[in-house]
Amino acid sequence: MSDHAFATRAIHAGQAPDPTTGSIIPPIHQASTHVQDGIGGFRQGFEYNRGGNPTRSSLEEQLAALEGGSHALSFASGLAAEDAVLRGILSPGDHVVIGNDVYGGTYRLLTKVHAKWGVESTTVEMSDADALRAALKPSTRIIWVETPSNPLLKVVDIAAIAEIARAAGVVLVVDNTFASPVQQQPLTLGADLVVHSTTKYLGGHSDVLGGAVVFGGDRFYDDVQFQQFAVGAVSAPMDAWLTTRGIKTLAVRVRQHAENAQAVAEWAAGRPEFERVYYPGLASHPGHEIAARQMSGFGGMLSLALVGGSPAARAFTESTELFRLAESLGGVESLISYPSEMTHASVRGTALEVPDDVVRLSVGIEDAADLIADLEQALDRLG
Ligand code: PLP
């Protein structure tokens, strides 16, 4: 599969027709355990479903192929995947350097869950190489990067950070949820591990929660896989199957998400009601050149700062019709959210606090003119 193009891998990797019936779609193995041919006589290695399930294995093969990785593990949620990485790699006393704009739940996991067990963390502006180097300590084990980041769409140079990580003997983890593997493949740029909330673009239809870890090689696979098995936050067979189905249309969906987001960003850049448009596809975005180099498109996420500050941002968020007011992103339908009180409410008062004039859009694949008309009517309602 590795010699095929992305769209081909997305449809065929791990998705061979069922060998017994010829069913074009591999079945959902909705079973909790597997019959053994004598004690320890596992068929194809399957024993009990916390340790492995054929539907999950199909998804894991597909995920590894998408990111150009050697292995992948699929979890019940993005945060479960992140947690397994942290527990698999870190010990008490270890230190993590993390960007100052990441999903609030990731920061919460580090500072409210892992900190209790002796894991330290420091936030830095990841685009500042000197600041990143200065934040490294002898106990640093992980640099954790999100690019483009949630919700301010900051873009950082993965290859440059990979070099810093390699020189310091530190593991580079990249959360590739926003870009999705069709537009960015961090392992090929030097990252050691990639994590995803597959709930988002990979699932693609807002109907399943999931997470993934993809490995560039054997390093750490056993450690993270042990956490998956020992703790048990695995994806259920039906959820794994829904994700494999979503992935098959990832390439065409993300192309349209990005085309629509570019149209919305260009429209917003011309409107006086917006103080700032955060979208890496605009030449004015500070990370535009890096994004153009390391991504094959600019994604479907954008944020807007309103001139009228928090009252205008809140009113705008509550005035759209096609853009539904909801958490999450990456589904075919457009969503709008107010990060400072929604996805990032837990990071208020920290270095990650999101300005209260910012609104985040997950631009769906509806007709772009309809989406812009919806945003226009919401602006009109602000008066
Ligand atoms: N990473 C990013 C960038 C996210 O946006 C999210 C959720 O919004 C997560 C990780 C966590 O994923 P999940 O909600 O599937 O646990």
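The values are calculated or read from the model by the stated rules, or taken from the named source; none is laboratory data. Every value quoted in this text rests on a predicted model; they were computed, and no experiment measured them. Positions of Cβ are generated from backbone atoms using ideal geometry, with glycine treated the same way; all protein chains shown enter the neighbour counts.
Data for the structure
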read-out: Neighbours by Cβ (under 8 Å, 6+ apart or cross-chain): first from segment 174-193, in the same structural domain as Thr147 (by TED's automatic domain parsing) and within 13 Å of the ligand (Cβ to nearest atom); second among the charged types (D, E, K, R) and in a strand (DSSP E or B); value: Val174/Glu146; Asp175/Glu146; Thr177/Glu146; Phe178/Glu146
read-out: Identity of the residue in segment 132-152, small (Gly, Ala, Ser) and surrounded by 14 or more Cβ atoms within 10 Å (Cβ to Cβ), that ends up farthest from the ligand (Cβ to nearest atom); value: Ala135
read-out: Leading residue by the ranking (nearest to the chain's Cα centre (by Cα)) among those in segment 353-383 that are among the small types (Gly, Ala, Ser) and at pLDDT 95 or above; value: Ser362
read-out: Single residue of Ser346, Ser319, Ser337, Ser328 found to be more than 22 Å from Ala378 (Cα to Cα) and either among the small types (Gly, Ala, Ser) or within 16 Å of the ligand (Cβ to nearest atom) (or both); value: Ser346
read-out: Tabulated pairs, segment 100-121, first within 13 Å of Ser149 (Cβ to Cβ), second near the ligand (Cβ under 10 Å from one of its atoms) and hydroxyl-bearing (Ser, Thr, Tyr), C-beta under 8 angstrom, 6+ apart or interchain; value: Asp101/Ser149; Val102/Ser149; Tyr103/Thr177; Tyr103/Ser197; Tyr103/Thr343; Gly104/Thr343
read-out: Segment 342-373 - residue that is free of Cβ contacts under 8 Å to residues at least 12 places away in the same chain and among the charged types (D, E, K, R) and, of those, farthest from Glu275 (Cα to Cα); value: Asp367
read-out: From the options Thr106, Thr33, residue that is in contact with a Phe, Trp or Tyr (Cβ under 7 Å, 6 or more places away or on another chain) and among the β-branched types (Val, Ile, Thr); value: Thr33
read-out: Qualifying residue in segment 344-362 (condition: over 27 Å from Asp207 (Cβ atoms), in a strand (DSSP E or B) and of a type outside the set (S, T, N, Q)); value: yes
read-out: Single residue of Gly204, Gly217, Gly232 found to be out of contact with any Ser or Thr (no Cβ under 6 Å at 6 or more places or on another chain) and surrounded by fewer than 17 Cβ atoms within 10 Å (Cβ to Cβ); value: Gly232
read-out: Subset of segment 121-130 [more than 16 Å from the ligand (Cβ to nearest atom), under 16 Å from Leu153 (Cα atoms) and not β-branched (Val, Ile, Thr)]; value: Glu125, Ser127, Asp128
read-out: Close pairs (7 angstrom Cβ cut-off, 6 or more residues apart or separate chains): free of Cβ contacts under 8 Å to residues at least 40 places away in the same chain in segment 21-47, loosely packed, with under 10 Cβ neighbours inside 10 Å anywhere; value: Arg43/Asp37
read-out: Among (1) under 24 Å from Gln256 (Cβ atoms); (2) at pLDDT below 95 - the single one Ser346 does not satisfy; value: (1)
read-out: Filter result for Ser77 (within 24 Å of Phe178 (Cα to Cα) and either free of Cβ contacts under 8 Å to residues at least 24 places away in the same chain or surrounded by fewer than 23 Cβ atoms within 10 Å (Cβ to Cβ) (or both)); value: yes
read-out: Meets criteria (aliphatic (A, V, I, L, M), in a loop (DSSP other than H, G, I, E, B) and more than 16 Å from the ligand (Cβ to nearest atom)) for Ile24; value: yes
read-out: Every residue from segment 199-240 that is among the acidic types (Asp, Glu) and within 16 Å of the ligand (Cβ to nearest atom); value: Asp207, Asp239
read-out: Counted residues, segment 61-81 - those being part of a helix (DSSP H, G or I), over 22 Å from Met295 (Cβ atoms) and either away from the ligand (no atom under 16 Å from the Cβ) or charged (D, E, K, R) (or both); value: 1
read-out: Condition check for Gln262: in contact (Cβ under 8 Å) with a residue 60 or more places away in the chain, away from the ligand (no atom under 16 Å from the Cβ) and surrounded by fewer than 22 Cβ atoms within 10 Å (Cβ to Cβ); value: no
read-out: Residue list for segment 89-120, filter: crowded, with 20+ Cβ neighbours inside 10 Å and more than 16 Å from the ligand (Cβ to nearest atom); value: Ile89, Leu90, Val97, Val119
